[in-house]
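K.L.:
First the structure, then my questions, so here it is.
The values are calculated or read from the model by the stated rules, or taken from the named source; none is laboratory data. Keep in mind that this is a model prediction, so the values were computed, not measured. Here the Cβ is made from the backbone with ideal geometry for all residues, glycine too, and neighbour counts use every protein chain on show.
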Amino acid sequence: MICDTAEDFAAALPSYRPVAGLDLGTVTIGVALSDVMRSVATPFETIKRKKFGIDAAALLKITDARDVCGIVLGLPRNMDGSEGPRAQATRAFARNLERLTPLPITFWDERLSTVAAERAMLEADLSRKRRAELVDHVAAGFILQGMLDRLAHLGAK
């Protein structure tokens, strides 16, 4: 089920189970997971993309193993708020994933999440090589934390 709003997403989530955040790229998918209280997002893993079926199987393996109850996909809007080809590809990915899982799926505006991730890793004094390895799932953490903060504001557990 694709939820159009944070309110709809919150209503579809059972209590005290983690949520996953995804930073969907053309080469990789960054994955972050929340704690069961949904207060902290933690970068988890980067999946190398192959084709949709293989990518979805890898994601669903993580959601099953970690008892995830919902998925937040970063939606790459343009700086003016419009949606371009990457946003359309993300929405298509969500529609295809929806056919494979009963988990609620929603979107979070991911503008500047990769910039924020890069800045945080620079401040942590990580090497260029290490930043390249981590950027996708750290960006997923920023995306997921944005949704977790919104859910907390709504009073959802």
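So that you can scan it fast, the table gives a plain yes or no per residue for (1) at pLDDT 90 or above; (2) under 21 Å from residue 27 (Cβ atoms):
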{"position": "106", "(1), (2)": "yes, no"}
{"position": "118", "(1), (2)": "no, yes"}
{"position": "123", "(1), (2)": "no, no"}
{"position": "127", "(1), (2)": "no, yes"}
{"position": "137", "(1), (2)": "no, yes"}
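K.L.:
Considering every residue within the stretch 39-48, establish whether at least one is of a type in the set (Val, Ile, Thr), free of Cβ contacts under 8 Å to residues at least 24 places away in the same chain and in contact with a Leu (Cβ under 9 Å, 6 or more places away or on another chain).
P.N.:
Looking for residues that are of a type in the set (Val, Ile, Thr), free of Cβ contacts under 8 Å to residues at least 24 places away in the same chain and in contact with a Leu (Cβ under 9 Å, 6 or more places away or on another chain), one finds at least one in the stretch 39-48, hence yes.
K.L.:
Can you tell me how many residues in the stretch 17-35 are assigned to a loop (DSSP other than H, G, I, E, B) and modelled with pLDDT of 95 or more?
P.N.:
4
K.L.:
So residue 97 passes all but one of these: (1) exposed (fewer than 13 other Cβ atoms within 10 Å of the Cβ); (2) over 13 Å from residue 137 (Cα atoms). Which condition number does it fail?
P.N.:
Evaluating residue 97 over (1) exposed (fewer than 13 other Cβ atoms within 10 Å of the Cβ); (2) over 13 Å from residue 137 (Cα atoms) leaves (1) as the failure.
K.L.:
Further question: Check whether at least one residue in the stretch 52-64 is assigned to a strand (DSSP E or B) and either surrounded by 13 or more Cβ atoms within 10 Å (Cβ to Cβ) or out of contact with any strand residue (DSSP E or B) (no Cβ under 9 Å at 6 or more places or on another chain) (or both), and report yes or no.
P.N.:
No, there is no match, as no residue in the stretch 52-64 is assigned to a strand (DSSP E or B) and either surrounded by 13 or more Cβ atoms within 10 Å (Cβ to Cβ) or out of contact with any strand residue (DSSP E or B) (no Cβ under 9 Å at 6 or more places or on another chain) (or both).
K.L.:
Anything in the stretch 65-83 that is in a loop (DSSP other than H, G, I, E, B) and either surrounded by fewer than 20 Cβ atoms within 10 Å (Cβ to Cβ) or free of Cβ contacts under 8 Å to residues at least 60 places away in the same chain (or both)? List them, or say none. Walk me through it before giving the result.
P.N.:
Here is the first cut: in the stretch 65-83, the ones in a loop (DSSP other than H, G, I, E, B) are 66-70, 76, 78-82.
Listed by number, the residues that qualify are 66, 67, 68, 69, 76, 78, 79, 80, 81, 82.
K.L.:
Still on this structure, please answer the following. Give the stretch 42-65 a look and list any residue that's aliphatic (A, V, I, L, M) and modelled with pLDDT of 95 or more, or say none. Quick ask: steps written out before the conclusion?
P.N.:
So the first thing to find is which residues in the stretch 42-65 are aliphatic (A, V, I, L, M), and the list is 47, 54, 56-60, 62, 65.
Listed by number, the residues that qualify are 54, 56, 57, 58, 59, 60, 62, 65.
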